[in-house]
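This report refers to the structure that appears directly beneath it.
The values are calculated or read from the model by the stated rules, or taken from the named source; none is laboratory data. Everything numeric here is computed off the predicted structure, so don't read it as measured data. We place every Cβ from the backbone using ideal geometry, glycine too, and count neighbours over all the protein chains shown. Just the protein is used for accessible areas: all its heavy atoms, side chains included, with ligands, DNA and RNA removed. Shrake-Rupley method; radii C 1.70, N 1.55, O 1.52, S 1.80 Å.
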Amino acid sequence: MINFFRNSFEIYLAALMLIFFISSCMNKSRYPGPLSPGASIKTFRLDENFKAEIFAAEPLVIDPVCMQFDEEGNVYVVSMPDAYKPDAVKGKGRIVMLKDLNSDGRADTAMVFADSLKEATSILPWDGGLLIAAAPNIMYYKDTDGDGRADHKEILFTGFFTGNEEAQITNLRFGIDNWIYANNTGQAGEVTFTRKPKAPKLVMRGADFRFRLDRNQFELATGPGQFGLALDDWGHRFFTTNSIHISQVVIPLRYLARNPYLPSNLKAAVANISDHDPLMYQLSETPYWRQERTNRRNKDYQENHLDRVEYARDHFTAASGGTYYGGDAYPGEYHGNIFTGDASGNLVHRDVLLSSDSTPHYIAARAEAEKSKEFLAATDTWFRPVNFSVGPDGNLYVMDMYRQHIETPISIPDDLEADMDFNAGNIYGRIYRIVSQNNPAGKTAKPQPGSAKPEELVQLLAHKNQWWRMQAQRLLLQRHDKAVVPAVKELFNQSNDPRARLHALYVLEGLDALDADIVRSALEDVAAGVREHAAMLAERFPSCMKSVLQLIKDTSVRVALQATLSAGEFNDPSVATALADAVMLHGHSAWFRTAVLSSVPGSSVELLKALPTIAFYDTAADWKFTFCEALCKVIGTRNSRQQVEALLQYMAGADLADQWKAACVRGLAAGLQNAEGAGDAAKEKLKAIEGEAQSNASAALQSLKRLYEIK
């Protein structure tokens, strides 16, 4: 155990500052030197409703990139001093457990839980230990002998991308659906699971990752997210990438994967939900290297007559750490906000999530008080807010790597790089707690839900703070004590908090105690978030199909989208008719068109035949032609002779205007060109038919029938 106490802290810090000052003077650096934690915090310009406090600083934490509270109230921090360093000096990362010995709200000592880690970026409390993301692995470490150090070390998954550390596997998050999610930035990899060695390798390119250790499952997830993953009270997933500070997953990847014939332009599953990208409001000075590099690039663009402009400041370029505020210590208007750092801009941005009646995703907007400023902006150019955590006390914690430079050297011209010290700051690190002026932190009792009795955990599912609810759900899942099932069912039936009802649903799911009656009840819940998840859970209960199909007409557009996706999981003639209703009600939205076409019944001739019954063809619209063409393209690419013949016969006999037939022929001809086994001669003829449909749909249809040998 390594203990660092405050009585030596000021001496240590003064010595470091003196060394750096002397070094800076000798090198005549273009860049300012570091400030003490107390001095740096004075440069913060923060929302007037809050104040920042020092929770931990060097030497307790160095280069912090992730912080988590476990079920015993212990605080674990990942230090990443090897970030942006050559491979020769990798492997210096560590995880420390911070302790607040006098309960004054500030860490006093640090114990090394694990060290010699290479590029560890994320942790998640799990089963008395920690899951650790450190490419190429996701590992499980646990202290089994009580000395504070991990002695059980297990690699669970391996094979993830190991290149640029900004794009590696990271951001482990336990979801309300009992899956653990991780960002992968869409990078390549062939992932294996050591607990299922005979399972096929999972090819990762283009996707993120999710897994369940209670059921030994792992699969691709919609992405790609970079560094920053937020899950709201309803399990909606938001992630961060460098220049796009907030995106939302709209369609889970498993629905798109069920139809391998879906055109690539219909596989969009993520939306940039910001209504104010790419602007941010920076208070710090622009670093010399960045301004100079930008000037050079813009000069090149102009000389080469390129319609491109680069900005050196006030634009998101290093967004990271997007975190959902589900705590209970802030005023109500801050609940449900997402906080994101921009390490280059030395600021923390806040997004307010607004529901939309027309789109199945949120709109991320600035708060009225922050239309021309940020939630927090510092003039200290060393302030590097890279990640956040919301604790059991309901406060937001800010992880500051505190470095002079945080850019990867590979992107900086050599002559500018020569004047930069990328090691400046590798002895620093700060964690700040943001507290409400009306609810100061003060002394707090150590939270210990891990010691709670089963019935107490059930009650914690209704806690106002998301941290407590998620800890309770996770512990109930891991204990797998089915004696709590009656109490969980009672909570579902009687709680006035829809979030508690949703947690109860998934605790029952995790305990294998979910049944069709409970799901049917959830499908009729007054809360849209509960109905949305009930539609997903209903996919495993055929007797719930009718109720799911009814939700396609739900007043909530998000519920209607999920019902449309879930409907495609049922094998029944009524599904095609219901999906035709979805097209008529919501087909103007590309999200719904994708949802319909992602399933077999939604991309069938039966659906096309159902459209006249709902007056689909009575009025023309561009989106309708687009849908018909896409549907027929899927049928062509699938190239089931039975389906293609049925489609051709339907088009020949249906009383449709030429414009509808033209759309269908174009789609079918294009799809058949993509079909497996299509030869060059056939493709050439199909291409000609596709063009012919533009001017003479009936003739093109006859050409298709002849080519397909249909009389």
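Below is a table of values for the structure above.
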quantity: Rh by Kirkwood over Cα pairs, then Stokes-Einstein D for region 312-417 at 1.306 mPa s and 10 °C, µm²/s; calculated: 104 µm²/s
quantity: Tensor-based shape of the chain (alpha-carbon gyration tensor, a/c under 1.5 rounded, otherwise prolate or oblate); calculated: prolate
quantity: Whole-Å distance, taken between Cα centres, linking region 86-159 and region 478-541; calculated: 34 Å
quantity: Label-point separation, Arg149 to Asp300 (7 Å along Cα→Cβ), nm; calculated: 4.9 nm
quantity: FRET efficiency, Glu524 to Ser356 (Cβ-Cβ, R0 25 Å, nearest 0.05); calculated: 0.60
quantity: Kirkwood Rh and Cα Rg combined as Rg/Rh, region 61-124; calculated: 1.02
quantity: For Leu35, distant residues with modelled amide H under 5 Å away; calculated: none
quantity: Cut-off under 5 Å, modelled amide H: who pairs with Arg237 long-range; calculated: Val249
quantity: Of Lys624/Lys685; Lys142/Lys446; Lys201/Lys624, pairs whose Cα-Cα distance is over 30 Å; calculated: Lys201/Lys624
quantity: Probe 1.4 Å, accessible area per residue of the chain, Å²; calculated: 40 Å²
quantity: Sequence ranges 340-346, 193-199, ranked by mean other-Cβ count within 10 angstrom, highest first; calculated: 340-346, 193-199
quantity: Accessible surface of the chain, 1.4 Å probe, proportion on carbon and sulfur as whole %; calculated: 50 percent
quantity: Region 179-193 - phi-based ³J(HN,Hα) in whole Hz, Karplus 6.51/-1.76/1.60, Gly and Pro as x; calculated: 9, 9, 10, 8, 7, 10, 6, x, 6, 5, x, 10, 9, 10, 10
quantity: Calculated FRET value between Ala367 and Val309, using beta carbons and R₀ = 35 Å, to 0.05; calculated: 0.80
quantity: Region 79-228 - convex hull of alpha carbons, volume per residue in Å³; calculated: 131 Å³
quantity: 3J(HN,Hα) from dihedral phi, region 541-558, Karplus parametrisation 6.51/-1.76/1.60, rounded to Hz, x for glycine, proline; calculated: 10, x, 5, 8, 4, 4, 5, 5, 4, 5, 5, 4, 9, 4, 6, 8, 5, 5
quantity: At most 13 other Cβ within 10 Å, DSSP loop - GluC sites (Glu not before Pro), region 660-711; calculated: Glu676, Glu709
quantity: Sum of -39500 (n - 2.57) over DSSP H runs of 4+, divided by residues of the chain (222 nm, nearest 500); calculated: -10000 deg cm²/dmol
quantity: Loop trypsin sites (Lys or Arg not before Pro), region 40-148, which have at most 13 other Cβ atoms in a 10 Å radius of their Cβ (DSSP); calculated: Lys42
quantity: Region 228-268: chymotrypsin sites (Phe, Trp or Tyr not before Pro) falling in loop per DSSP and having at most 13 other Cβ within 10 Å; calculated: none
quantity: Residue-by-residue Karplus 3J(HN,Hα) for region 403-414, coefficients 6.51, -1.76, 1.60, Hz, glycine and proline x; calculated: 10, 5, 10, 10, 7, 5, x, 4, 9, 10, x, 4
quantity: Cut-off under 5 Å, modelled amide H: who pairs with Leu172 long-range; calculated: Ile123
quantity: Extension gain from Arg258 to Arg540, taking 0.36 nm per residue of separation minus the Cα-Cα distance; calculated: 99.9 nm
